[in-house]
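Where a number appears in this text, it was derived from the coordinates with a stated rule and is not lab data. The model shown is predicted, which means the values in this text are computed figures rather than measured ones. Cβ atoms come from the backbone with ideal geometry, glycine included; neighbour counts cover every protein chain shown.
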Amino acid sequence: MELEAVIGLEIHVEMKTKSKMFSSGPVSFGDDPNTNVNVVDMAFPGILPTVNKQAVINAIRVSHALNMKICDLVTFERKNYFYSDLPKGYQITQQFHPIGSDGFLTIKTSSGEKKIGIERLHMEEDTCKQLHSWDFSLLDYNRAGIPLIEIVSRPEMRSGEEAAKYVEKIRSIVTFLDVSDGKMEEGSLRCDVNISLREKGSTKFGTKVEIKNLNSLANIQKAIDFEISRQSIILEFGGQIEQETRRFDEGSKETVLMRVKTDAVDYKYFTDPNIAPIQLSKEFIEDAIKTSPELAESKLVRYRELGLNEYDSSLLIADKDVSVYFDEGLKSGCSAKLLTNWVIGDVQSYLNKEGISIKEFHVSSLELGKLISLIEKGDVSNKQARDVFAEMIKSHKDASTLIKEMGLSQVSDESELISVIKEVIDANPQSAVDYKAGKDRAIGFIVGQVMKKTQGKANPALANKLILEEINRR
Amino acid sequence: MVKSDFQGWLNNMGYMDKSLTYIHEAILKGEVTPLDLVKEAIELAKKDTNNAFEYICEKEALDSVSKLDSSKKNNLLYGIPVVIKDNFSTKDIPTTGSSNILNGYVPVFSSEVVTRLENEGAIVIAKSTMDELAMGGSGTTGHLGVTYNPWDKEKIYQVGGSSCGSAAAVSAGIVPFALGSDTGDSVRKPASFAALVGFKPTWGRISRFGLFPFATSLDHVAYFTRNVYDSAYMLNILAGRDDKDASSSFNKVEDYTANLSNPIKGKKIAVIKAIIDSISDKEVLSAFNKSLDYLKEQGAEIDVVNVDVKLLKAIYPTYIIISCAEATSNNANLDGIKFGNRIEGESFEEVMLNTRTNGFSPLIKRRFVIGSFSLLKENQDELFVRAQKCRRLIVNAFNKVFEKYDAIYCPAAPSIAPLIKGSSNNLSDEYLIADNYMAFANMGGYPSITLPIGFEKNMPFGANLTAKPFQETVLLNIAKVIENGTGLKDLVAKRD
């Protein structure tokens with residue numbers, strides 16, 4: 001019996017809006033517990049929700065990027081259940097009319113391209129964060145009410161690799177759209193996997209297992225691969241899969257049982273009467289899409305048009321902040337190719353060495369671009385530019401100031417160079433004669449003398465050209 | 001009696017049984033100070049025998065008086081004592097909703113309406129009792145027990161609810177204004193039993209921010225005064241958009257006092273036949289007909305109009321299903337985890353269970369069970385969704401009446417206040433229709449006002465007038481004419 005895996009993903013993306021989904025409480029990560037909280041987030045009696053406009057704009061943008069139908073009537077439902085992390089005793093979510101529905105995205109895997117269907121995308125609010133100890137629990141309401149986007153795929157993935165690629169793509173979309181920082185390890189992008197096995201070719205679904213707590217792309221792939229083999233072994237030996245929730249244990253690289261699923265909870269959904277349905281105008285939706293930040297895919301196309309090769313381009317868009325840095329640098333008017341080399345070369349290796357992100361890098365790409373333009377003009381050599389760059393990092397000064405201070409600017413002024421060249425040839429007539437007689441090496445001596453007289457600042461290429469012209473003239 | 005003696009007698013009488021405008025004039029003339037008024041109101045509140053108060057804010061009120069900004073002296077509410085129903089969040093003042101589950105809860109923020117009152121210079125002197133969490137209509141179910149009707153010295157008649165304490169405070173002459181809330185008829189019904197003007201404007205006209213929710217889609221901020229002018233004036237202060245309440249309206253706030261004395265010639269008023277037909281009390285019908293005659297004399301056109309009896313009888317069950325369903329969700333935050341009267345347990349589930357089991361009375365739990373039951377997946381279509389559809393049909397039927405009429409006018413209740421120990425036949429037409437029809441105004445969000453029209457056995461009864469959404473000006477104009485006709489205004493029950 002040949003088995004195939006049926007995998008569907010539910011992804012929760014925490015938005016990095018200024019305020020929360022339904023309150024004016026600030027959204028901020030890593031602050032002291034219960035400091036970014038107001039009465040609405042705590043669900044004090046009498047509070048009312050107000051819808052965050054930017055969150056709606058974000059949801060429209062992501063829906064559009066995922067090729068979804070956008071519902072122009074925004075309604076919210078209450079999902080009712082009692083839990084210690086749920087301030088109001090219900091969560092406001094979009095059950096009946098998700099803002100995005102019926103979309104897809106295309107992933108590239110080792111076996112080619114594949115289209116993955118996406119069932120729905122909806123907005124909701126996050127719950128508060130819990131820390132359970134053996135005899136008490138701590139609640140941090142900073143997270144309560146942070147806007148979330150939930151993206152539910154169709155069960156169309158078949159391997160850990162496909163799932164990881166799918167999540168990678170979603171992460172790229174939400175980060176490039178400035179919707180989220182997409183950090184799986186910090187929980188701002190959370191992924192739950194539903195996985196079942198069935199006989200290949202069958203249209204029926206097997207019993208599904210849910211895997212939670214997957215905090216990296218690699219772990220998604222590992223967890224799914226492990227789960228496929230775990231379920232395969234059970235089925236091969238005639239066993240049955242239990243409907244259960246498992247988590248991935250990083251130490252053992254295995255999925256372990258969290259709880260057996262009993263009957264599904266009845267959440268008693270109903271439309272939240274505090275939020276009258278919001279009719280989005282066509283203009284509002286179009287404007288949200290039109291003003292949407294550029295996606296990785298479209299950046300890739302643009303980079304290729306700039307003449308960059310596929311490999312370099314893909315390195316630039318691997319991290320949104322790197323591509324933003326690059327785009328900023330382009331504004332200096334420098335060569336895209338040279339800028340690419342610097343960004344993925346010198347800049348990246350410095351960041352790696354220091355263990356910092358490009359956002360923490362203080363040398364602006366505009367300044368870097370200016371330095372590159374000076375190389376292009378021939379004002380500094382590549383080698384000198386590297387010294388300047390190192391100094392820029394150290395001293396926080398700009399390139400042109402440093403070049404002056406370091407006395408590095410090349411002499412590219414022809415009249416200045418010609419007078420030096422004339423002096424040198426006048427003082428060494430024999431060299432000119434030797435060169436004319438066919439001794440090519442003689443030219444090297446003259447160049448050396450010119451460099452010596454200009455203290456190494458002569459533009460070597462230009463000097464070479466002018467020396468030849470001068471000798472030939474004599 | 002020479003004039004100065006008369007003045008002295010008046011001063012001894014105090015001011016709290018007077019209208020807002022009268023008291024305001026007295027302050028402006030320097031006859032009385034805000035401090036005098038607050039002391040008078042607090043003295044009266046302390047002597048209250050009707051169980052009208054959850055909490056008398058003596059210290060807080062005296063503190064507020066000392067901080068009054070005298071540049072606001074011309075505001076009508078400057079220095080005037082008011083009472084707030086205990087389901088409005090009041091900063092630093094205990095707020096329980098008359099439920100044990102909120103014993104000890106002291107809010108850190110004030111309701112929008114309380115803030116607006118205070119900005120106008122009003123002084124909150126007390127929080128009033130209510131049916132627990134506003135779920136009830138008798139004024140007998142709050143955690144402090146029965147609230148009595150000031151008109152009845154024997155203490156055998158209800159004052160009505162759920163805004164019982166506010167009704168008692170205003171009709172006993174303790175304050176000239178009290179905030180209430182109205183989800184079915186919780187202000188307009190007690191107004192009828194206590195000879196008051198009880199007014200709930202259009203849904204969305206006044207911000208609900210800070211009002212403990214009972215049934216969101218039906219909840220209205222409402223209030224009691226002793227005459228129509230004061231009601232109109234209070235709307236000037238309370239109405240208007242509040243960004244904290246997404247359902248509050250952007251519609252322009254009018255000067256609601258400006259058109260009170262307009263002639264009502266040609267105004268079309270509908271009387272609903274089945275409601276009148278279901279009432280057997282002759283005194284009520286006769287007083288109501290007298291007020292109709294007066295309206296006709298003033299040039300109003302009165303028609304008796306049919307609304308499907310089946311829909312009228314459906315108002316109450318529809319209201320019960322929708323309100324209980326919303327209530328069970330709205331009160332899910334009261335779980336003992338963050339605030340309220342927490343009862344410990346071995347796990348968070350046990351804390352919630354213990355807190356809620358101990359905190360809510362059986363009547364509340366009954367409502368939650370009805371609400372949860374009607375929201376369950378297997379029942380939702382048959383109960384909750386059906387009730388919503390029914391609500392739509394009811395509202396459509398009344399909208400149709402409003403296509404031709406400026407207002408609907410009927411008795412507010414089939415009789416004077418019922419006995420505290422009385423029982424009603426829950427399936428009679430009188431109960432299902434005349435006793436509970438006023439919730440149609442909550443379903444449609446219509447502005448609706450009750451005002452006194454007569455007395456029987458020395459107990460008052462009133463009539464109710466309801467208009468199209470945001471037609472408060474027309475509503476108050478007609479109400480003022482009715483008041484002129486009956487002459488029943490500024491009524492205060494004799495003090496013990």
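Checking every one of the trypsin sites (Lys or Arg not before Pro) in the stretch B:231-274 against DSSP loop status and a limit of 16 other Cβ atoms within 10 Å picks out B:Arg241, B:Lys252, B:Lys265. In whole angstrom, how far apart do the alpha carbon centroids of the stretch A:31-98 and the stretch A:148-165 sit? Cα centres, the stretch A:31-98 to the stretch A:148-165: 23 Å.
Counting only other chains, and only Cβ atoms inside 10 Å, what mean value do you get across the residues of B:208-217? Per-residue shielding by partner chains comes out at 4.
In the stretch B:3-266, Cα pairs under 8 Å separated by at least six residues give a relative contact order of 17 percent. Per-residue ellipticity at 222 nm, computed for the protein assembly as shown from helices alone with -39500 (n - 2.57) per DSSP H run of at least four residues, works out to -11500 deg cm²/dmol. At full extension, A:Lys404 and A:Lys114 could sit 98.9 nm farther apart than now, given 0.36 nm per residue minus the alpha carbon distance. Backbone N atoms of the stretch A:445-474 closer than 20 Å to the 7 Å Cα→Cβ label point of A:Lys422 belong to residues A:446-455, A:458-459, A:462-474. For the set A:Lys268/B:Lys85; B:Lys290/B:Lys421; B:Lys39/B:Lys72; A:Lys53/A:Lys208; B:Lys127/B:Lys155, the pairs lying more than 29 angstrom apart at their alpha carbons are A:Lys268/B:Lys85; B:Lys290/B:Lys421; A:Lys53/A:Lys208.
Show which aspartates and glutamates lie in cross-link reach of A:Lys439 when reach means a straight Cα distance below 20 angstrom and same-chain residues fewer than eight apart are skipped. The reachable aspartates and glutamates, counting only those whose Cα sits under 20 Å from A:Lys439, are A:Asp426, A:Glu469, A:Glu470.
With a simple spin-label model that places each label point 7 Å from the Cα along the Cα-to-Cβ direction, the separation between A:Glu186 and A:Ala461 comes to 4.4 nm. With a threshold of 32 Å on the Cα-Cα distance, the over-threshold entries among A:Lys18/B:Lys67; A:Lys129/A:Lys282; A:Lys16/A:Lys88; A:Lys114/A:Lys253; A:Lys261/B:Lys389 are A:Lys18/B:Lys67; A:Lys129/A:Lys282; A:Lys261/B:Lys389. Backbone geometry of the stretch B:224-230 corresponds, through the Karplus equation with coefficients 6.51, -1.76 and 1.60 at θ = phi - 60°, to 3J(HN,Hα) couplings of 10, 9, 10, 7, 5, 4, 4 Hz, x marking Gly and Pro.
Which whole-number percent is the relative contact order of chain A (Cα, under 8 Å, 6+ apart)?
14 percent
From other protein chains only, count the Cβ atoms within 10 Å of every residue's Cβ in B:326-338, then give the mean.
Mean inter-chain Cβ contacts per residue within 10 Å come to 6.
Fully extending the segment from A:Glu310 to A:Phe29, taken as 0.36 nm per residue of separation minus the present Cα-Cα distance, adds 97.6 nm. For A:Asp249 and A:Gln130, the FRET efficiency from 1/(1 + (r/R0)^6), where r spans their Cβ atoms and R0 equals 30 Å, is about 0.90.
Modelled spin labels at A:Ser357 and B:Phe455, positioned 7 Å past Cα toward Cβ, are 7.6 nm from each other.
Here A:Ala318 and A:Ala390 are evaluated by their C-beta separation; at R0 = 25 Å the FRET efficiency comes out at 0.50.
For the peptide A:380-386, the mean number of other protein chain Cβ atoms found within 10 angstrom of a residue's Cβ is 0. Which pairs in the list B:Lys200/B:Lys244; A:Lys20/A:Lys108; A:Lys69/A:Lys299 are over 30 Å apart, alpha-carbon to alpha-carbon? Those over the limit are A:Lys20/A:Lys108. When A:Arg61, B:Arg226 are arranged by Cβ crowding within 10 Å, least crowded first, meaning fewest neighbours, the order is A:Arg61, B:Arg226.
Go ahead and collect, in residue order, the members of the stretch B:221-261 whose backbone nitrogen is under 11 Å from a label point 7 Å along the Cα-Cβ direction of B:Asn119. Hits in the stretch B:221-261 for B:Asn119 at 11 Å: B:237-243. A protection proxy built from the mean count of other Cβ atoms within 10 Å ranks the segments A:51-60, B:185-194, most packed first, as B:185-194, A:51-60. Per-residue packing, averaged as other Cβ atoms within 10 Å, sorts the ranges A:231-244, A:191-204, B:47-60, B:441-454 into the order B:441-454, B:47-60, A:191-204, A:231-244, beginning with the highest. For B:Lys338, the aspartates and glutamates whose Cα falls under 20 Å of its own Cα, not counting residues fewer than eight places away in the same chain, are A:Asp32, A:Asp41, A:Asp85, A:Glu125, A:Asp126, A:Asp135, A:Asp140, B:Asp86, B:Asp92, B:Glu346, B:Glu349, B:Glu350.
Label point 7 Å out from B:Glu283 along Cα-to-Cβ: which residues of the stretch B:443-478 have amide N under 14 Å? The answer is B:453-462, whose backbone nitrogens lie closer than 14 Å to the label point. For A:Lys383, the lysines whose Cα comes closer than 27 Å to its Cα, not counting residues fewer than 8 places off in the same chain, are A:Lys331, A:Lys337, A:Lys353, A:Lys359, A:Lys370, A:Lys394, A:Lys397, A:Lys404, A:Lys452, A:Lys453, A:Lys457, A:Lys465.
Annotation: amide H-H contacts under 5 Å for B:Val305 (H modelled 1.01 Å from N, sequence separation of 5 or more, or interchain): B:Val271, B:Ile272, B:Lys273.
At a 10 angstrom cut-off on C-beta neighbours, averaged per residue, how do the peptides A:67-77, B:124-134 rank from highest to lowest?
Packing proxy ranking, top to bottom: B:124-134, A:67-77.
Placing R0 at 22 angstrom, the Cβ-Cβ distance between A:Lys377 and A:Lys337 gives a FRET efficiency of 0.90 after rounding to 0.05.
Here the spin labels are modelled as points 7 Å beyond Cα on the Cα-Cβ line, and at A:Ser137 and B:Glu31 they lie 6.1 nm apart.
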